[in-house]
Amino acid sequence: MRGLIRYFRRNLSLLVGSSLLLLLVVFVVTGHFVVDVEDARALSVRPLQPPSWRYPFGTDRQGRDLLAVMVAGTPLTLRIGFIAGILGVAIGTVLAFAAAYYRGWADTIIRGIADIGLTVPGLLVLIIIAVGIRGGLSVNQMALVVASLAWLNPTRTIRAQVLSLRERGYVEIARMSGMSGPAIIFFELMPNLLPYLAATLVNAVSSAILASIGLEVLGLGPIDAPTLGMTLYWVNFNAAMINGWWWWWLAPTVIIVLVFLGLFFVTVGLDEYANPRLRKSA
Amino acid sequence: MSAVLSVEGLRVQFDHPLGAVHAVDDVSFTLDANERLGLAGESGSGKSTMALAILRMIRPPGRITGGRVTLDGTELSALDHEAMRRLRLAGIAMVPQGSMNSLNPVMRIRDQLADAFRDHGVALSAPELHARVAELLRTVGLRPDVADLYPHELSGGMKQRACIAIAICLRPKVIIADEPTSALDVVVQRQVMETLARVQRDLGCAIILVGHDMGLMAQFVDRLGVMYAGRLVEVAPIAEIITTPRHPYTQALISSLPSLAARGTMQGIPGLAPLLRDLPSGCAFHPRCPRAEDRCRSEKPAVRTLAPSHQAACHFA
Amino acid sequence: MRMIDIVRRCGVFAVIVLLAASLNFFLPKLSGQDPVRTKLLQQAALGGYVHQGIDDMVKLYEKRFGLDRPLWEQYFNYLGDVARLDFNYSIANYPRTVAEMITEAIPWTIGLLSMTTLLSFVIGTLLGALLAWPRAPRWMAWLMPPLWALHAIPFFLLGLILMYLLAFQVPLLPIFGGYSVGVQPALSLAFVLDVVRHATLPALSIILVSIGGWALGMRGMMVTTMGEDYVVFAEGKGLRSLTIFLRYCLRNAILPQITALALALGQILSGAVLVEVIFGYPGIGTLLFQAIRENDHFLIQGIVFTVIVALGLATLILDLVYPLLDPRITYQRS
Ligand SMILES: Nc1ncnc2c1ncn2[C@@H]1O[C@H](COP(=O)(O)OP(=O)(O)OP(=O)(O)O)[C@@H](O)[C@H]1O
Ligand code: SF4
Ligand SMILES: [Mg+2]
């Protein structure tokens, strides 16, 4: 524990990032005690109330209590991000190891797919998918849709890492000592790779949340779920900005900013942990 | 003979959270005009650091903590930033270690010579530059059309020659060549060394040759200095140091060579090179020294003059 | 660059085009039913004055993509259409063709994206290079934390905030659209200024977010480059620090940045779509948003195809230009 605290003092980004995320968790957990999450449904409260003691975040045009929406919606959005991010990194790790270990054809194909896939703007492909299966996407389906592209970037970055670890000779030594293929991968590379995997995961979660919010703002999300992105969809749909209902977009904006800042600084911190050489330059 | 370069009490320190490292520790020597001085010592003994310190090119976390370097009567530590910059290459030139990666990969050789001329205030018209570059390249044994090539189009030996061409382009008084041939195969090594020897003669400059290869040293240098753990532990004319080394470390070094004719690279001697961060007390060599006595563990040996041009830092030399 | 490399890169581009067309064709079919047919039939059932045209569309669609046709025949029919850049009529705006609507919207997007990408790349890269340079002014270090923080935020969210601050609270700039309502698009100075004013906020949202990313990447590359042997040798050559900075450090460190730019185009575009939607900017993004709202499948497919191909083309161009900057790639030892 002491060591952890001391490390946090050296790695400020990690500290800031984790604090922000912790803050969100505290908000959601205490929120569940303070407010009735049922009020996140339309027609629960008086519409279009600016913030007051009764409705600290105000209410929207369809009669949702925005505090309830945030308390209910933040975990939903995070859930989409984490499901998609974890799936993406898992698939990416397997592909990257396969590519880096077998080299040759497997590597060429996997790398080619990842490179071409990354040239294509992800949001558009997701739009085509979402439009195709339109009509009542659930939050989990939404996560799967986003996950369908979430493996591209992890595949690329993890492959590069595995190759560079290989270069550094970890694998050669293991091979000389007579380990078999999969064992080499697992026992020799994994421990060195874990910090990178963690950084890649956080990054993937962040991208997945971004993609899901994008789809939602375009109206392709789970229509009756109170996710952060859907809230912004309604904001845009009802032209809340021009109508001066500032509280409607303020709450989701602040929370989304906190989510992204938190994830970003955690990524930076993990990068620093994985690659302490960078620290000197900071 | 008068000294063209003199180094007195030079010290370089690398600051580090776990304790400072004295990479160059109180090194003094002089270099005469036209002289070829060799510097040998195992990896990490501070040879490159000293070369950089002479040029005042130590970067953080390192810093020069003491000493005077005098070139032809000018004390370098008194120069301002700009004067020091102009003195590099024009006064003291360096040929970098290895050289495989010392040329800018995105510039043609000609441009890498041209910017040296330009930044040193040598105004050349295009045809003049062309002629100068061609002449320089010919001097180091390269065809003039190499000027239009990029570094990756050159072989290792050609790159090293290109670096030498750059180093001599302003006719410096001193050239510091840091292991100029370490990455090359034996035949090319010899050719490059011959080139270096020839340009040194033609230019009439002095040269400091840093290297591991004692065989090469024996053929090339007039005088040899041996470094150990940041200190210059022995300096003497090459013939003398090979026949009668006085410092136990030098003795071990010389006797570990199979025979000079067989061109042995310094293979190292029993025991581990010391950790600079945590140097043994007294004489840093004592844990590996066959002649070590109690005194060596407590008292740091001073550099003593044993013969007119022979110095060593050992209590019993 | 050797011929074979050019051919290979063009091959990759061809794969992207084929991929875009195939995505359009196959993905909607994954759901089991054909959403295009469903929408078409709905629209035909609505009736109205365009009824006859929609009915014709349904007939043609059934003939070429009917359930009785084998899948490969439908696929080749579709590829044929795409090859002729025929994306059919817009279902929701019947007499207008998809190609026509895209042609109208795309210059707006190209203008906005090329300007913002170029500006943020240049500013961010320079900033990052200076941040790594020991002799840069010290106050620059203070720029970094806010730029980092901005970098973490999605474009459109910053757009919302800027819109509130600079268009709603302090009405400095227009809040919506690509040009003022009632103004006829013309090649006059007044119109151009109007367009620039309208584009400022969307552009700012993209630029302010992007700069931090480029600066961060460049700073890292510069630190690595400054440790290279050729930089040490350049210093030993007694070059001026400006020469070393520009021709030795920056010149080399920028190469990976350009590779990164090629990879980032897709993300930038995805983000810009949402910015357009938020600001009602009359580009491809807003058109796409409308198409999604109206379930206009032909329009959606047309846009997705066009954008993927356009980005593939931009990447191809960057790929082909890159060797001009890095001689190690241009030259192949025979
Ligand atoms: N940037 C640095 N940071 C910390 N210590 C350094 C740094 N550069 C050099 N040193 C220290 O200085 C010592 C001397 O290094 P130097 O490169 O001068 O050795 P060398 O004799 O040239 O070795 P080699 O034969 O391998 O080139 C090293 O042992 C190292 O501990
Ligand atoms: S001083 Fe002592 S330990 Fe050092 S070299 Fe001489 S004899 Fe050996
Ligand atoms: Mg060295």
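State the number of residues belonging to the range B:207-228 that are closer than 20 Å to B:Ala183 by Cα, modelled with pLDDT of 90 or more and either within 12 Å of ligand 1 (Cβ to nearest atom) or of a type in the set (Ser, Thr, Tyr) (or both).
Number of matching residues: 1.
Scanning for something surrounded by fewer than 21 Cβ atoms within 10 Å (Cβ to Cβ), in contact with a Phe, Trp or Tyr (Cβ under 9 Å, 6 or more places away or on another chain) and among the small types (Gly, Ala, Ser), does the range A:30-41 turn up at least one residue?
No, every residue in the range A:30-41 fails to be surrounded by fewer than 21 Cβ atoms within 10 Å (Cβ to Cβ), in contact with a Phe, Trp or Tyr (Cβ under 9 Å, 6 or more places away or on another chain) and among the small types (Gly, Ala, Ser).
Restricting to the range A:125-143, name every residue that is of a type in the set (A, V, I, L, M), over 18 Å from A:Gly88 (Cβ atoms), free of Cβ contacts under 8 Å to residues at least 24 places away in the same chain and in a helix (DSSP H, G or I).
A:Ile128
Which of the residues that make up the range C:135-166 are open to solvent by less than 30 Å² (accessible area, probe 1.4 Å) and of a type in the set (Val, Ile, Thr)?
If the condition is that a residue be open to solvent by less than 30 Å² (accessible area, probe 1.4 Å) and of a type in the set (Val, Ile, Thr), then C:Ile153 is the only one that fits.
Only one of B:Ser77, B:Ser45, B:Ser2, B:Ser28 is within 16 Å of ligand 2 (Cβ to nearest atom) and not acidic (Asp, Glu); which? Steps first, please.
Values: B:Ser77 fails: within 16 Å of ligand 2 (Cβ to nearest atom); B:Ser2 fails: within 16 Å of ligand 2 (Cβ to nearest atom); B:Ser28 fails: within 16 Å of ligand 2 (Cβ to nearest atom).
Going through B:Ser77, B:Ser45, B:Ser2, B:Ser28 in turn, the sole match is B:Ser45.
Which one of B:Leu31, B:Leu37, B:Leu55 is in contact with a helix residue (DSSP H, G or I) (Cβ under 6 Å, 6 or more places away or on another chain), open to solvent by less than 60 Å² (accessible area, probe 1.4 Å) and touching a residue at least 24 places away in the same chain (Cβ under 8 Å)? Spell out how you get there, then give the answer.
Values: B:Leu31 fails: in contact with a helix residue (DSSP H, G or I) (Cβ under 6 Å, 6 or more places away or on another chain); B:Leu37 fails: in contact with a helix residue (DSSP H, G or I) (Cβ under 6 Å, 6 or more places away or on another chain).
Selected residue: B:Leu55, the only one of B:Leu31, B:Leu37, B:Leu55 that is in contact with a helix residue (DSSP H, G or I) (Cβ under 6 Å, 6 or more places away or on another chain), open to solvent by less than 60 Å² (accessible area, probe 1.4 Å) and touching a residue at least 24 places away in the same chain (Cβ under 8 Å).
I'd like to verify a number: residues in the range A:221-243 that are within 12 Å of another protein chain (Cβ to nearest Cβ), outside any helix (DSSP H, G or I) and open to solvent by less than 10 Å² (accessible area, probe 1.4 Å), how many?
Summing the residues that are within 12 Å of another protein chain (Cβ to nearest Cβ), outside any helix (DSSP H, G or I) and open to solvent by less than 10 Å² (accessible area, probe 1.4 Å) in the range A:221-243 gives 1.
State yes or no: is A:Thr77 more than 14 Å from chain C (Cβ to nearest Cβ), open to solvent by less than 20 Å² (accessible area, probe 1.4 Å) and among the polar types (S, T, N, Q)? Quick ask: steps written out before the conclusion?
Working: more than 14 Å from chain C (Cβ to nearest Cβ): no; open to solvent by less than 20 Å² (accessible area, probe 1.4 Å): yes; among the polar types (S, T, N, Q): yes.
Answer is no for this residue.
State whether the residues of the range B:101-118 include one that is within 16 Å of ligand 1 (Cβ to nearest atom) and of a type in the set (Phe, Trp, Tyr). Let's see the steps before the verdict.
Just the residues of the range B:101-118 that are within 16 Å of ligand 1 (Cβ to nearest atom), to begin with: B:101-102.
Then keep just the ones that are of a type in the set (Phe, Trp, Tyr); that gives none.
Checked the range B:101-118: no residue is within 16 Å of ligand 1 (Cβ to nearest atom) and of a type in the set (Phe, Trp, Tyr).
Answer with yes or no whether B:Ile64 is in contact with a helix residue (DSSP H, G or I) (Cβ under 6 Å, 6 or more places away or on another chain), in a loop (DSSP other than H, G, I, E, B) and away from ligand 2 (no atom under 16 Å from the Cβ). Quick ask: steps written out before the conclusion?
On the way: in contact with a helix residue (DSSP H, G or I) (Cβ under 6 Å, 6 or more places away or on another chain): yes; in a loop (DSSP other than H, G, I, E, B): no; away from ligand 2 (no atom under 16 Å from the Cβ): yes.
Judged against the criteria, B:Ile64 is not a match.
Name the one entry in B:Arg288, B:Arg277, B:Arg231 that is closer than 30 Å to B:Pro17 by Cα, modelled with pLDDT under 90 and within 11 Å of ligand 2 (Cβ to nearest atom). It would help to see each step written out before you state the result.
On the way: B:Arg277 fails: within 11 Å of ligand 2 (Cβ to nearest atom); B:Arg231 fails: modelled with pLDDT under 90.
Exactly one residue qualifies, and that residue is B:Arg288.
Take the range B:50-93 and flag every residue that is within 12 Å of chain C (Cβ to nearest Cβ) and either closer than 22 Å to B:Asp25 by Cβ or within 16 Å of ligand 3 (Cβ to nearest atom) (or both).
Hits for the range B:50-93 are B:Ala51, B:Leu52, B:Ile54, B:Leu55, B:Arg56, B:Met57, B:Ile58, B:Arg59, B:Pro60, B:Ile92.
Filter the range A:49-64 for residues that are touching a strand residue (DSSP E or B) at 6+ places or on another chain (Cβ under 8 Å) and over 18 Å from A:Val29 (Cβ atoms) and give the result.
Scanning the range A:49-64 gives A:Gln49, A:Tyr55, A:Thr59.
When you look at B:Ala239, is it open to solvent by 40 Å² or more (accessible area, probe 1.4 Å) and either at pLDDT below 90 or not β-branched (Val, Ile, Thr) (or both), yes or no?
Values: open to solvent by 40 Å² or more (accessible area, probe 1.4 Å): yes; either at pLDDT below 90 or not β-branched (Val, Ile, Thr) (or both): yes.
Against the criterion (open to solvent by 40 Å² or more (accessible area, probe 1.4 Å) and either at pLDDT below 90 or not β-branched (Val, Ile, Thr) (or both)), B:Ala239 qualifies.
Looking at C:Gln267 and the list (1) within 12 Å of chain A (Cβ to nearest Cβ); (2) in a helix (DSSP H, G or I); (3) surrounded by fewer than 22 Cβ atoms within 10 Å (Cβ to Cβ); (4) touching a residue at least 40 places away in the same chain (Cβ under 8 Å), which single condition is not satisfied?
Going through the list (1) within 12 Å of chain A (Cβ to nearest Cβ); (2) in a helix (DSSP H, G or I); (3) surrounded by fewer than 22 Cβ atoms within 10 Å (Cβ to Cβ); (4) touching a residue at least 40 places away in the same chain (Cβ under 8 Å), C:Gln267 breaks only (4).
The values are calculated or read from the model by the stated rules, or taken from the named source; none is laboratory data. Note that the coordinates shown come from a computational prediction; the quantities given were computed from them, not determined experimentally. Using ideal geometry, Cβ is built from the backbone for each residue, glycine included, and neighbour counts are taken over all protein chains shown. Note: areas computed on protein heavy atoms with side chains; ligands, DNA, RNA excluded. Shrake-Rupley method; radii C 1.70, N 1.55, O 1.52, S 1.80 Å.
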